[in-house]
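*Asks:* Supplied in structure tokens, the structure appears directly below.
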Amino acid sequence: MASVTATDDRPAIEVSHLTKRYGTVTAVRDLTFTVEPGVVTGFLGPNGAGKTTTMRMLTGLVTPTSGTATIAGRPYGQLRNPSRTVGAVFDASAFHPGHTARDHLRVYAAMGGYPDSRADDLLSLLGLTEAADRRTGTFSTGMRQRLNLATALLGDPRVLLLDEPSNGLDPEGMLWLRGFLRRLAGEGRTVLVSSHVLSEIQQLVDDVVVIRRGELVAAGPWSRLAGPPAVLVLSPDADRLAAVLRGSRPDGDPPRVDATGDGRLRVHGLDAAGVADLAAAHQVPVHELVTETTSLEQLFLHLTTERTAS
Amino acid sequence: MHHLIKAEFRRLFATRVGAGLLLAAVLFGGGLMGAMALVGPENFDPPMPGLDTEAGLRAILGMLGYTAFVPAAVGALAVTSEYRHRTAAVTFLFAPRRWQVLVAKLTTYGVAGLAYGLVLAGTAATALFTVAAVRGISLGLPAGDVLALLARIGLAMVVYLLIGVGVGALLRNQVVAVCVVIGYLYLGEPLLMMIPGVNALYPVLPGGATAALTDFTYLADAMSQEVGSTAVRLLPPAAGALLLTGYALAASLIAIVLPMRRDIT
Ligand SMILES: Nc1ncnc2c1ncn2[C@@H]1O[C@H](COP(=O)(O)OP(=O)(O)O)[C@@H](O)[C@H]1O
Ligand SMILES: [Mg+2]
């Protein structure tokens with residue numbers, strides 16, 4: 001993999017006090033965050049939050065009004081052969097419809113100074129060998145997605161930026177993408193994936209950066225931001241169920257059980273299966289059992305609905 | 001830099017544009033010249049001097065200059081295609097020093113324009129000499145002079161291709177850019193010639209400068225007679241060549257400077 005030794009101690013992606021104004025619209029406002037290698041980071045926010053603008057500033061396509069955005073410690077334009085360090089995908093389809101997949105990759109292989117064999121390697125890595133000589137105008141969404149990724153990976157970059165890659169993908173395509181990106185992150189690469197639909201990427205990401213109206217809302221590991229999962233349980237014999245649950249020792253510590261009235265309990269430190277199993281073992285009837293949405297989901301839902309309401 | 005030029009040549013020949021450009025050169029060069037020579041300018045409506053006179057020969061050679069909208073349209077098409085198909089972002093990701101991309105494009109299309117011009121002039125010369133021999137006409141100029149005039153027209157095509165690239169980089173919208181280029185060269189300039197007063201500008205416009213290369217005043221004269229204005233006086237051929245070079249440089253400069261800091265959104 002490519003490496004820039006002099007700057008290896010810097011975060012792979014570093015955005016600092018970044019602002020972009022388009023006339024009177026402030027698309028990104030004083031945004032600061034970093035992205036770590038070896039994990040997949042989700043870049044979340046409702047439509048119009050400024051995700052695309054931020055990623056375009058990171059890659060030099062859009063000039064910031066103020067602030068800095070660096071990759072491997074340098075602004076994009078100062079990377080020596082940027083496609084060796086960074087691969088980025090912005091548009092669902094960025095090919096001449098009259099070019100074949102192989103033509104397209106060879107144009108960019110030439111541009112990056114890579115041998116033509118690299119184009120064939122990537123066609124095979126992304127399962128496009130069969131379609132190599134078809135004009136891209138005939139490609140399905142899934143194939144376009146793969147050809148975009150192939151283009152971005154021509155230079156074997158250690159940083160990958162994908163803007164809304166899940167748009168238009170069917171569940172099968174999503175599953176494939178998840179596996180593919182996990183593998184890239186597993187190789188130690190930095191992967192930043194934007195989305196306006198939390199549920200589409202929550203199984204994919206390790207870390208998240210959440211923005212709204214161009215400003216940072218939350219950033220950090222998913223597990224911390226999502227908060228400990230809670231289970232809501234309804235029982236006609238809530239007191240006895242609470243005693244049973246408190247008496248258990250799933251991880252050495254007893255779960256925290258709060259009675260919320262009406263025979264309902266909120267349980268932290270034990271999942272739904274654990275609650276159900278204990279209730280069954282002690283023959284306590286259970287009428288309802290729900291895993292509560294995580295706090296990040298609630299936060300995101302709030303952001304999205306607030307946006308639609310305004 | 002040579003990586004970028006190699007990439008642009010691949011881009012050009014991966015579509016049908018490259019082959020189409022050469023086909024157009026053959027059609028407009030050999031085809032048009034052959035047809036005009038076969039019919040004979042003396043049989044045009046209105047009739048023009050024949051091929052055995054210098055004026056007649058210059059006139060039909062000058063007609064070739066009116067096919068300049070082809071390379072110009074190709075130049076505009078090529079540059080705007082990157083915006084239309086959203087490959088501009090990918091291209092600038094691979095080459096963030098955008099001026100280098102545009103220099104590579106100008107080099108590539110300059111070479112393509114040269115190829116167009118050479119094929120145009122070569123097939124036109126072949127057609128002209130063949131038809132003249134078959135019809136038994138002795139041309140109004142020595143063969144060397146005919147070839148020199150055709151070579152000038154061929155070289156002018158490089159300029160037009162670069163003008164197309166400049167207009168494309170300026171306008172970015174493919175349909176608009178191609179329409180503007182064709183509309184101006186095909187309709188705009190001839191119309192300008194018909195407006196009294198404004199037609200004084202014609203000698204310094206690209207069409208006038210191209211006509212100066214071959215001292216092709218036939219159309220301009222016909223128009224000024226039609227509208228009763230004073231005859232247009234073209235620049236001397238060398239000044240026309242210099243002016244065309246100036247247009248090419250200006251168009252190239254626009255193509256290089258404009259995309260430099262513009263946001264690609
Ligand atoms: N080229 C532009 N000109 C004017 N406003 C823009 C432009 N690009 C984006 N915006 C505005 O900036 C804001 C952020 O847009 P964007 O970065 O596309 O958000 P997201 O990708 O999160 O949906 C939006 O309000 C959008 O309308
Ligand atoms: Mg977006």
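*Asks:* Could you list all residues from the stretch B:226-258 that are small (Gly, Ala, Ser), at pLDDT below 85 and open to solvent by 40 Å² or more (accessible area, probe 1.4 Å)?
*Replies:* Correct list: B:Gly228, B:Ala231.
*Asks:* Sort out which residues of the stretch A:236-285 are touching an Asp or Glu at 6+ places or on another chain (Cβ under 6 Å) and open to solvent by 60 Å² or more (accessible area, probe 1.4 Å), and write them in order of number.
*Replies:* Passing the criteria: only A:Arg266.
*Asks:* Ok, one more. In the stretch A:58-70, what residues are within 9 Å of chain B (Cβ to nearest Cβ) and either more than 16 Å from ligand 1 (Cβ to nearest atom) or out of contact with any Asp or Glu (no Cβ under 6 Å at 6 or more places or on another chain) (or both)?
*Replies:* Answer for the stretch A:58-70, where residues must be within 9 Å of chain B (Cβ to nearest Cβ) and either more than 16 Å from ligand 1 (Cβ to nearest atom) or out of contact with any Asp or Glu (no Cβ under 6 Å at 6 or more places or on another chain) (or both): A:Thr59, A:Gly60, A:Leu61, A:Thr63.
*Asks:* For the structure I just gave you, tell me whether B:Leu102 is more than 12 Å from chain A (Cβ to nearest Cβ) and either of a type outside the set (Gly, Ala, Ser) or in contact with a strand residue (DSSP E or B) (Cβ under 8 Å, 6 or more places away or on another chain) (or both).
*Replies:* yes
*Asks:* Hey, among A:Gly73, A:Gly77, which residue is more than 15 Å from ligand 1 (Cβ to nearest atom), open to solvent by 10 Å² or more (accessible area, probe 1.4 Å) and either at pLDDT 95 or above or more than 13 Å from chain B (Cβ to nearest Cβ) (or both)?
*Replies:* Answer to the check: A:Gly73.
*Asks:* Further question on the same structure: If you go through the stretch B:66-79 one residue at a time, do you hit one that is buried (at least 23 other Cβ atoms within 10 Å of the Cβ), within 14 Å of chain A (Cβ to nearest Cβ) and part of a helix (DSSP H, G or I)?
*Replies:* Looking through the stretch B:66-79, at least one residue is buried (at least 23 other Cβ atoms within 10 Å of the Cβ), within 14 Å of chain A (Cβ to nearest Cβ) and part of a helix (DSSP H, G or I).
*Asks:* Still on this structure: For A:Ala94, which of the numbered conditions (1) surrounded by fewer than 20 Cβ atoms within 10 Å (Cβ to Cβ); (2) in contact with a Ser or Thr (Cβ under 7 Å, 6 or more places away or on another chain); (3) within 23 Å of B:Leu12 (Cα to Cα) fails to hold?
*Replies:* With (1) surrounded by fewer than 20 Cβ atoms within 10 Å (Cβ to Cβ); (2) in contact with a Ser or Thr (Cβ under 7 Å, 6 or more places away or on another chain); (3) within 23 Å of B:Leu12 (Cα to Cα) applied to A:Ala94, the lone miss is (1).
*Asks:* Hey, another quick one. Between a residue in the stretch A:14-27 that is more than 14 Å from chain B (Cβ to nearest Cβ) and open to solvent by 70 Å² or more (accessible area, probe 1.4 Å) and any residue that is more than 9 Å from ligand 1 (Cβ to nearest atom) and of a type outside the set (Gly, Ala, Ser), which pairs come within a Cβ distance under 9 Å, given they are 6 or more apart or on different chains?
*Replies:* Close Cβ pairs (under 9 Å, with a partner that is more than 9 Å from ligand 1 (Cβ to nearest atom) and of a type outside the set (Gly, Ala, Ser)) amount to A:His17/A:Asp30; A:His17/A:Leu31; A:His17/A:Thr32; A:His17/A:Thr68.
*Asks:* Mind checking which pairs have a first residue in the stretch B:239-265 that is closer than 23 Å to B:Ala209 by Cβ and a second that is assigned to a helix (DSSP H, G or I) and open to solvent by 40 Å² or more (accessible area, probe 1.4 Å), Cβ under 6 Å, 6 or more apart or different chains?
*Replies:* Every condition considered, the pairs that remain are B:Ile254/B:Leu170; B:Ile256/B:Trp99.
*Asks:* Also: Quick one: would you say B:Gly113 is within 30 Å of A:Ala88 (Cβ to Cβ), more than 14 Å from chain A (Cβ to nearest Cβ) and of a type in the set (Gly, Ala, Ser)?
*Replies:* no
*Asks:* Right, A:Gly137: open to solvent by 20 Å² or more (accessible area, probe 1.4 Å) and within 22 Å of the chain's Cα centre (by Cα) or not?
*Replies:* no
The values are calculated or read from the model by the stated rules, or taken from the named source; none is laboratory data. Because the structure is a prediction, the values reported are computed rather than measured. Quick reminder, even Gly has a Cβ in these numbers, built from the backbone with ideal geometry, and neighbours come from all protein chains shown. We work out accessible area using only protein heavy atoms, side chains counted, and drop any ligands, DNA or RNA first. Shrake-Rupley method; radii C 1.70, N 1.55, O 1.52, S 1.80 Å.
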